[in-house]
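Here it is, the structure, as structure tokens.
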Amino acid sequence: RLLLDSVPRAEERIAVGASLRAALEIWQARPGEIFTALDPEGTAWRVRYGLADAGPFLVPFEQLPQSPESPLRIDLYQALPERERFELVLEKATELGVGRIVPFESCRSITLEQRDARQKKSHRWPHVLLRAARQCRRAELPCLTAVTGWDQVLYQAHQADLALLLYEKECGWRLGEILRDERPRRVALIIGPEGGFTPEEVEEARQLGIVPVSLGPRLLRTETAAMAAIAAVQARLGD
Ligand code: SAM
């Protein structure tokens, strides 16, 4: 997150302290580039990054009418898909405002090793995320974790206020229905691989209180399911 220490005045030159400097490094800031930063009151500013003899500085030049960061925290757990589909998920999930993206291997998913053996692209993932976050003017870079296993997904996801496993088969709940009565602050969305979840995986999730939900009668591609689920949750509960 790019966080200013105090509420700025437009066009004032703000010296960049250690924590902001570290954040700007993560954003790979170069002099002249423009970013979104939040002040302590949560107001979002467009700021220009500059470098002078005295050190780096920011100049806020425009106050945004609304923060680009959603009040709802969404963690996306995405089974590793084939080819460039994961890059697409990274880009669109970032645009749609997720806070954390956890790629995982499941029973029917490809493994990272298999993916990398065909076309080693995983080193590009942080770059895809960064480009998407800059493009949609976010002030926070979503956290992208290392590829994890199914047990970790279950363990982490069930700690959210509302954890949903997206399931294309008849499972009792439509996503829209379950969102109607919920007011969670943190939502976990778990999306399966091209081959889907096994019945055992769905049952394991259910036992931990993770709710299988459907997006309707059409079988969506895994990346479409991720985007549709995030958009629906954000529209109903977030911003
Ligand atoms: N074979 C296609 C592909 O190559 O992507 C579709 C695979 S679908 C089994 C992949 C995942 O998307 C599922 O595990 C599920 O998480 C999600 N999904 C797809 N359609 C869905 C629907 N109608 N409702 C809920 N989730 C869905």
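About the Cα centre of segment 90-133, what is the dipole size in debye to 20, counting +1 per Lys and Arg Cβ and -1 per Asp and Glu Cβ, all else neutral?
On the way: 9 positive and 5 negative charges, 25 e Å.
Dipole size: approximately 120 debye.
Short version: ³J(HN,Hα) in whole Hz for each residue of segment 61-75, in order, from phi by Karplus 6.51 cos²θ - 1.76 cosθ + 1.60 (θ = phi - 60°), x for Gly and Pro, what are they?
Values per residue, Gly and Pro as x: 10, 8, 8, 7, x, 8, 5, x, 8, 6, x, 8, 8, 10, 9 Hz.
Just the number, please: Stokes-Einstein D of the chain in µm²/s, Kirkwood Rh from C-alpha pairs, 4 °C, 1.567 mPa s. Display every interim value, and only then the final one.
Numbers: Rh = 19.1 Å.
Calculated translational D: 68 µm²/s.
If Lys and Arg each add +1 and Asp and Glu each add -1, what is the summed charge of the other residues whose beta carbon sits under 10 Å from the beta carbon of residue 23? Provide the component values of the computation, followed by the final result.
Values: positive: 1, 21; negative: 25, 140.
With Lys, Arg at +1 and Asp, Glu at -1, the net is 0.
Working out 0.36 nm times the residue gap between residue 143 and residue 161, then minus their Cα-Cα distance, what length gain in nm do you get to one decimal? Don't jump to the answer; show the numbers that get you there.
Working: separation 18, 0.36 × 18 = 6.48 nm, distance 1.88 nm.
Going from the current span to full extension adds 4.6 nm.
Extending each Cα 7 Å along its Cβ direction at residue 183 and residue 18, get the distance between those two points in nm, one decimal.
The two pseudo-label positions are separated by 4.1 nm.
Compute the signed sum of charges (Lys and Arg +1, Asp and Glu -1) over the other residues within less than 11 Å, Cβ to Cβ, of residue 210.
Once all neighbours under 11 Å are counted, the net charge is -2.
Treating only the Cβ of Lys, Arg, Asp and Glu as charged (+1, +1, -1, -1), what charge dipole size does the chain show about its Cα centre? Round to the nearest 20 debye. All intermediate terms of the calculation are to be shown ahead of the outcome.
Numbers: 32 positive and 34 negative charges, 108 e Å.
Dipole size: approximately 520 debye.
For the chain, with a Gaussian network of springs between Cα atoms less than 10 Å apart, report the residue from 156, 28, 78 with the top mean-square fluctuation.
Comparing 156, 28, 78 in a Gaussian network model of the chain, the most mobile one is 28.
Moving on to the next point. For 210, 178, what's the fewest-to-most ordering of other Cβ within 10 Å of each Cβ? Each step should come with its number before you reach the end.
On the way: 210 21, 178 17.
The fewest-first ordering by Cβ neighbours comes to 178, 210.
From the helices alone, meaning DSSP H stretches of at least four residues, give me the mean residue ellipticity at 222 nm for the chain, per-run term -39500 (n - 2.57), in deg cm²/dmol to the nearest 500. Don't skip to the end; give the middle numbers.
Details: 8 runs with 77 residues, N = 239.
Rounded to the nearest 500, the figure is -9500 deg cm²/dmol.
Something else now. Just how large is the dipole of segment 1-126 about the Cα centre, in debye to the nearest 20, putting +1 at every Lys and Arg Cβ and -1 at every Asp and Glu Cβ?
On the way: 18 positive and 19 negative charges, 97 e Å.
It works out to roughly 460 debye.
Now for a different question. If you take the charge dipole of segment 91-196 about its Cα centre, with +1 on Lys and Arg Cβ and -1 on Asp and Glu Cβ, which of 127, 143, 117 is farthest toward its positive end?
127
Could you list 59, 98 so that the one with the fewest beta carbons within 10 Å of its beta carbon is first and the one with the most is last? Before the final figure, lay out each step's value.
Values: 59 17, 98 27.
Fewest-to-most Cβ neighbours within 10 Å comes out as 59, 98.
Bear in mind that the values in this text are calculations on the coordinates, not laboratory data. As the structure is a prediction and not an experimental result, all values here were calculated from the model. In this analysis, Cβ positions are derived from the backbone assuming ideal geometry, glycine residues included, and neighbour counts consider all displayed protein chains.
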